[in-house]
Structure formats: C-alpha cells, structure tokens
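Presented below is the structure to which this report refers.
Here, each number is a calculation from the coordinates, and none is a lab measurement. Just so you know, these numbers come straight off a predicted model, no measurement behind them. Quick reminder, even Gly has a Cβ in these numbers, built from the backbone with ideal geometry, and neighbours come from all protein chains shown.
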Amino acid sequence: MSGIAAGISAGAAVAGAATSAAGSIKAGNARAKSDEANSAAQYYQAQVARNNAKIAEQNAANEIFAGEERAARKSQEGAVKMGQLKAGQGASGVDMGSKSSVDTLVSQRELDQLDTETVLHNSQVRAYGYKATAENFEAQGDLYQAGGGRYSAAAGYDPTAGYLEAGGTLLSRASTLPWKFATGETTGTGGTTGSPAGSAAPPGTTPGSTVYA
C-alpha cells in the first residue's frame, strides 16, 4: 500500500507541475500579446507626433510668408500716407523745405516704419511658437518611438521567459518527488533493491545468492 500511495502522490505532483508549467507558458504568451499591442500603440503615437511636428513646421513657414506680405502692405500704406501728407502741405502753402515740414515728414516716416516692423515682428513671434511646438512634437515622437522599442523587445522576451519559467517549475517539482520513487527503487523486508516490496529470498538461500533449479 505504501508503494501505491507514493505513486499516487508522485502522480499528483507531476500533474500539478504540468498544470503550473502550462500556466507559465500561457501567461508568457499573454504578456507578449499585450506588449505587442502596446508597442503598436506607441509606434502609432510616435507617427502622429511627427506628423503634428511637420504641420507645425509648415505653419511656421506659412506665418513667416504671411507676415512678410502683411509688412509689405503696411509699408505701402505708410507710403500712401506720406504722399497724402506731402500733398496736404503743398496745398496749404507750407514751405516743404521748412524745418517744421521736414520734421513732420520724418516723424510720419518713422511711425510708418515702426508699424511695418511691428507687423513683421509679431509674425516672427507666432512663427517661433509654431517651431517650438514642432520641436515638442518631435520630442514626443522620440519618446513614443523608444517606448515602442521597449515593448517590442519585451514582446520577444516574454514567451521565452514563459517557457523558461515552465521548465524551472518542472525541474523544481521533480526535485520534490520521493527519491526512491523517482529512481524506481523499492525495498521490502528481506528483499533487495529492485525487488517487489515485501519479497523474501527463497527458503534455504541467503539474500543475493543465485538459486539453480
């Protein structure tokens, strides 16, 4: 009965080890699938960030171009004002060479130039903002790309880790089996190694001696 009990106990241990090993493999595969999904999501976000960076760069270039056009129009408006001012002075009989006339024209010219430079400066500030946004998107893209790489590497590692863990479980459980059962050794009263439990030597012989018919 002790041999049967040992066999049942060992069988249960083997079955438990197999179940645990299968669970390790399944868990490793599940982690791998999760890592693959996370990797794909990270790579997608990286591409989105880079696309946004390109859009921001294009917005910066468009703003510079539009700002130059606005500045040009403002300069033309200043030239029109200057012409109107000169015409008004001439119509009113003001001496165009007088100090007051010259000062008035110079002051108007400076105001027009300031307006033009202000329009251009504001445009450059907006363009700088777009460029800074583009750089931020690029940095985000790099982070997402790196995250995708880490998840991708983990996806390749997890199944292997699952199998290694399963192998370790089997070896660990095997080491806990009764030594005598694991090696096939059983003994009985008066018996020898490898003999059925409880078997005895034939009458008139000594254990281990050869019996001839």
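Note on Gln47 and Leu105: with the Förster distance fixed at 41 Å, the Cβ-Cβ geometry gives a FRET efficiency of about 0.10. Of the three principal axes defined by the Cα atoms of segment 33-107, the extents in descending order read 89, 17, 11 Å.
Our coupling estimate for segment 140-150, obtained by passing each phi through the Karplus curve with A = 6.51, B = -1.76, C = 1.60 and θ = phi - 60°, is 4, x, 5, 5, 4, 4, 5, x, x, x, 5 Hz, Gly and Pro reported as x.
Between Gln113 and Lys81, what is 0.36 nm times their sequence separation minus the Cα-Cα distance? Round to one decimal in nm.
Here the segment from Gln113 to Lys81 would lengthen by 10.3 nm.
For Lys86, the aspartates and glutamates whose Cα comes closer than 17 Å to its Cα, not counting residues fewer than 8 places off in the same chain, are Glu77, Asp95, Asp103, Glu110, Asp112.
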